[in-house]
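Written below as structure tokens is the structure these notes are about.
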Amino acid sequence: MATYIIFSRLLPGAYCEPKDFKKIADAVSAKIKKDCPGVVWKDSYATLGGVDIVDIVEADDPKQVEKAAMIIRAYGNSTTETLLATPWKEFLKGLTE
């Protein structure tokens, strides 16, 4: 399975109260689980800075990851940037082959 990193930035006005964000996050998660069965969620982080949320996922089909990112955009009121990630040891090994 390939590893992907999804960076999300919440749009201004995405929610009114901080507690409302949990409802949005739950709805996004349920929609992705239902519509993107090929995406395996590894971890999520809230961050301070230019990116609000970092999700680490795995999938065999990049189309499933694309769909998950679009769900995050539509249901999570955010913008996303998705990167393919190669584990460091695999990356270094590829340089010497």
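The values are calculated or read from the model by the stated rules, or taken from the named source; none is laboratory data. Computed from a predicted model, the values in this text were never measured in an experiment. Cβ placement follows ideal geometry from the backbone for every residue including glycine, while neighbour counts extend to all protein chains displayed. Protein only, heavy atoms only, side chains kept; ligands, DNA and RNA dropped before computing areas. Shrake-Rupley method; radii C 1.70, N 1.55, O 1.52, S 1.80 Å.
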Handout entry: Relative counts (whole %) of C-alpha pair distances in the chain, using bins that are 10 Å wide
Key = 15, 47, 26, 9, 2, 0
Practice task
Kindly report, to the nearest 10 Å², the accessible surface of Asp60 as traced by a 1.4 Å probe over protein heavy atoms only.
Solution key: 120
Completion exercise
Here the alpha-carbon Rg of the range 2-52 over 2.2 N^0.38 Å rounds to 1.26
Exercise for the section: Can you send over the carbon and sulfur percentage of the accessible area for the chain, probe radius 1.4 Å, protein chains only? Expected result: 60
Practice task
For every other residue with a beta carbon closer than 15 angstrom to the beta carbon of Glu81, add +1 if it is Lys or Arg and -1 if Asp or Glu, then tell me the sum.
Solution key: -1
Exercise for the section: Please calculate how many Å² of accessible area the chain carries per residue, with a 1.4 Å probe and no DNA, RNA or ligand atoms counted. Expected result: 68
Handout entry: Residues of type aspartates and glutamates that Lys33 reaches as a straight line, Cα spacing below 18 Å, ignoring anything fewer than 8 places off in the same chain
Key = Asp43, Asp55, Glu58, Asp60, Asp61, Glu66
Completion exercise
So the angle from the long Cα axis of helix 18-35 to the longest Cα principal axis of the chain, reported in degrees to the nearest 10, equals 50
Exercise for the section: Give the shape of the range 23-62 as rounded, prolate or oblate, defined through the alpha-carbon gyration tensor: a ≥ b ≥ c are the square roots of its eigenvalues, a/c under 1.5 means rounded, and otherwise the shape is prolate if a/b is larger than b/c and oblate if not. Expected result: oblate
